[in-house]
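Take a look at the structure set out below.
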Amino acid sequence: MLCGEKIQMMRMEHNLSQKELAEKLGVSRQAIAKWETNRGIPDIENLKQIAQLFDVSIDYLVNEEESIQEHVMKLPIDLEQYPIPKGNALREDQVVLEKFPDAGAIRELYRRRKMTTKENMVDFLLFPGIQEVQDHWRDASKYYLIERNSCHFLVNVTENAVLVSYTHLDVYKRQVNSWVKFFRVGRI
């Protein structure tokens, strides 16, 4: 993926127009359009500003080998600043709705640690659900599968950041429905 395509993708992920990005960087909207269509490239100072604004490295911007699929975008947040919602909603849900207001679909993923046979037996016989509770205490972050602008993203909301990565899973396909129930992670 070329530099211009990466700039355009990240601008769209941050819900910025070309004009808004131009204002943040102190350049013209035409310059942004020129970069995004690969008719020009930003100078080193603008690359530094773009990298800082989108929380990526300059290497990522100029390296044509690294695609957006391999990149994880980190959006800083402070989860404690969000009010405690009423009902069954969570603060993490509010964060996702705020960061992705134009999402076509948002699906919460339920995470479950892969256990050994011995752990499964202990969990089933002695303390049903204890492994899941213990796993939640180790990592209380929430995961979501989001479709926006024909792109699909795996989103991890932690206490201090939202980690967004591109995925090839289609939110509307039938294969996802069974996958959404349990998002398995490897051994911790």
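Output the number of residues of the stretch 34-58 satisfying the condition of being among the aliphatic types (A, V, I, L, M) and modelled with pLDDT under 90.
Looking only at that region, the number is 5.
Just the residues that are open to solvent by 30 Å² or more (accessible area, probe 1.4 Å) and either assigned to a helix (DSSP H, G or I) or touching a Gly at 6+ places or on another chain (Cβ under 8 Å) (or both), please, taken from the stretch 3-19.
If the condition is that a residue be open to solvent by 30 Å² or more (accessible area, probe 1.4 Å) and either assigned to a helix (DSSP H, G or I) or touching a Gly at 6+ places or on another chain (Cβ under 8 Å) (or both), then E5, Q8, M9, M12, Q18, K19 are the ones that fit.
Scan the stretch 35-44 residue by residue and report those that are free of Cβ contacts under 8 Å to residues at least 12 places away in the same chain and surrounded by 15 or more Cβ atoms within 10 Å (Cβ to Cβ).
Passing the criteria: none in range.
Six or more apart or on different chains, Cβ under 8 Å: which pairs go from a residue in the stretch 85-110 that's farther than 21 Å from E13 by Cβ to one that's of a type in the set (A, V, I, L, M)? Could you list them?
Here the result reads R91/L79; R91/I84; Y110/V180, each pair linking the stretch 85-110 to a residue that is of a type in the set (A, V, I, L, M).
Could you give every pair whose Cβ atoms fall below 7 Å, whose first residue belongs to the stretch 1-23 and is basic (K, R), and whose second residue is open to solvent by 40 Å² or more (accessible area, probe 1.4 Å), counting only separations of at least 6 or pairs across chains?
Close Cβ pairs (under 7 Å, with a partner that is open to solvent by 40 Å² or more (accessible area, probe 1.4 Å)) amount to K19/R29.
I want to confirm something. Restricting to the stretch 60-78 and keeping residues that are modelled with pLDDT under 80 and over 28 Å from I106 (Cβ atoms), which single residue is surrounded by the fewest Cβ atoms within 10 Å (Cβ to Cβ)?
E65
Would you call E98 at pLDDT 85 or above and either hydroxyl-bearing (S, T, Y) or in contact with a Lys or Arg (Cβ under 7 Å, 6 or more places away or on another chain) (or both)?
Against the criterion (at pLDDT 85 or above and either hydroxyl-bearing (S, T, Y) or in contact with a Lys or Arg (Cβ under 7 Å, 6 or more places away or on another chain) (or both)), E98 does not qualify.
Restricting to the stretch 45-56, what's the tally of residues that are within 19 Å of the chain's Cα centre (by Cα) and open to solvent by 60 Å² or more (accessible area, probe 1.4 Å)?
Total satisfying the criteria: 3.
Suppose we keep only residues that are charged (D, E, K, R) and over 16 Å from V164 (Cα atoms) within the stretch 79-118. Which one would you say is most open to solvent (accessible area, probe 1.4 Å)?
Once the filter is applied, the top-ranked residue is K86.
Please determine, by comparing only the residues of the stretch 115-139 that are at pLDDT 70 or above and outside any helix (DSSP H, G or I), which one is nearest to the chain's Cα centre (by Cα).
Ranking the candidates gives M115 first.
Residue pairs, Cβ under 9 Å, 6 or more apart or interchain, first in the stretch 45-61 and assigned to a helix (DSSP H, G or I) and among the β-branched types (V, I, T), second surrounded by fewer than 18 Cβ atoms within 10 Å (Cβ to Cβ) and at pLDDT below 85. List them.
From the stretch 45-61, the pairs are I50/I58.
Can you confirm whether A31 is among the small types (G, A, S) and in contact with a Lys or Arg (Cβ under 8 Å, 6 or more places away or on another chain)?
no
Test of understanding: among K48, K74, which residue is under 28 Å from I146 (Cα atoms) and among the basic types (K, R)?
After ruling out the rest, the residue left standing is K74.
The values are calculated or read from the model by the stated rules, or taken from the named source; none is laboratory data. Predicted model, so just to flag it, every value in this text is computed and none were measured. No Cβ is skipped: glycine too gets one built from the backbone with ideal geometry, and neighbour counts run over all protein chains shown. With ligands, DNA and RNA removed, areas are computed over all heavy atoms of the protein, side chains included. Shrake-Rupley method; radii C 1.70, N 1.55, O 1.52, S 1.80 Å.
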